[in-house]
1. Looking only at residues that are in a helix (DSSP H, G or I) and aromatic (F, W, Y) in the stretch 86-104, which one is farthest from S115 (Cα to Cα)?
2. Taking the criterion of being modelled with pLDDT under 80, among the polar types (S, T, N, Q) and over 18 Å from L51 (Cβ atoms), would at least one residue in the stretch 103-114 satisfy it?
3. Which one of these does G21 not meet: (1) modelled with pLDDT of 80 or more; (2) surrounded by 10 or more Cβ atoms within 10 Å (Cβ to Cβ); (3) not aliphatic (A, V, I, L, M)?
4. How about the stretch 54-63: which of its residues are at pLDDT 85 or above, buried (at least 17 other Cβ atoms within 10 Å of the Cβ) and out of contact with any Phe, Trp or Tyr (no Cβ under 7 Å at 6 or more places or on another chain)?
5. Looking for something part of a helix (DSSP H, G or I), without any contact (Cβ under 8 Å) to a residue 12 or more places away in the chain, of a type in the set (G, A, S) and closer than 30 Å to F16 by Cβ - is there at least one such residue anywhere in the stretch 38-54?
6. Run K60 past the list (1) of a type in the set (K, R); (2) part of a helix (DSSP H, G or I); (3) on the phi > 0 side of the Ramachandran plot and report the number of the one that doesn't hold.
7. Hey, any hits in the stretch 70-85 for a residue that's within 30 Å of the chain's Cα centre (by Cα) and part of a loop (DSSP other than H, G, I, E, B)?
8. From V128, V67, which residue is β-branched (V, I, T) and modelled with pLDDT under 85?
Amino acid sequence: MADSLNPAAPHHFPAFITAPGETDVLMVVMAVILALCVLGFGILFLRLHTLPERMAHKSKKIQFEIVAVLGLLALFTHIHAFWVAGLLLALIDFPDFGSFMGRIAGSVEKIAGVSSPETAEEAASVDVAGMRHHAHGGKADGPPSSPRKPETVPARTKEASHA
């Protein structure tokens, strides 16, 4: 009874129409295509969303952390102004004031005779390496060297500066 066709039905059905109780191949294919499209759109959206952060990271910008935080704010709050601000910050190249200011500070310390913390650590490691025990006496070669105190330069007087 199930195999009999309705007399009003056409004798030739299109390929996508299945018989009752069989697997609908078109629906399965469309479900796979829909899942792949949703996955592809999600990946495209996330790649576009992380564009400012990837740009700032690739060019080693100083403001990389700020761009990353703006990207997260835009993701969780859905406020697109944060994303635009992050993109603009990733595109702008701020000058690096820290590097030459550090060099200036190091030069001023060198002129003043004050050792920086890095120089003090290096001097301490040299002092420890310089202390060797004799094989027979067990005494050190000499007392550890004390750090140099800065030499004070007398202030110039008005008469000395005019001469």
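1. Step by step, filter the stretch 86-104, then rank; the result is F97.
2. Within the stretch 103-114, none of the residues are modelled with pLDDT under 80, among the polar types (S, T, N, Q) and over 18 Å from L51 (Cβ atoms).
3. It fails just one condition, (2).
4. Of everything in the stretch 54-63, just one residue is at pLDDT 85 or above, buried (at least 17 other Cβ atoms within 10 Å of the Cβ) and out of contact with any Phe, Trp or Tyr (no Cβ under 7 Å at 6 or more places or on another chain), namely M55.
5. Yes, because at least one residue in the stretch 38-54 is part of a helix (DSSP H, G or I), without any contact (Cβ under 8 Å) to a residue 12 or more places away in the chain, of a type in the set (G, A, S) and closer than 30 Å to F16 by Cβ.
6. (2) is the only condition that K60 fails.
7. There is at least one residue in the stretch 70-85 that is within 30 Å of the chain's Cα centre (by Cα) and part of a loop (DSSP other than H, G, I, E, B).
8. V128
The values are calculated or read from the model by the stated rules, or taken from the named source; none is laboratory data. Remember, it's a predicted structure, so these values are computed and weren't measured experimentally. Using ideal geometry, Cβ is built from the backbone for each residue, glycine included, and neighbour counts are taken over all protein chains shown.
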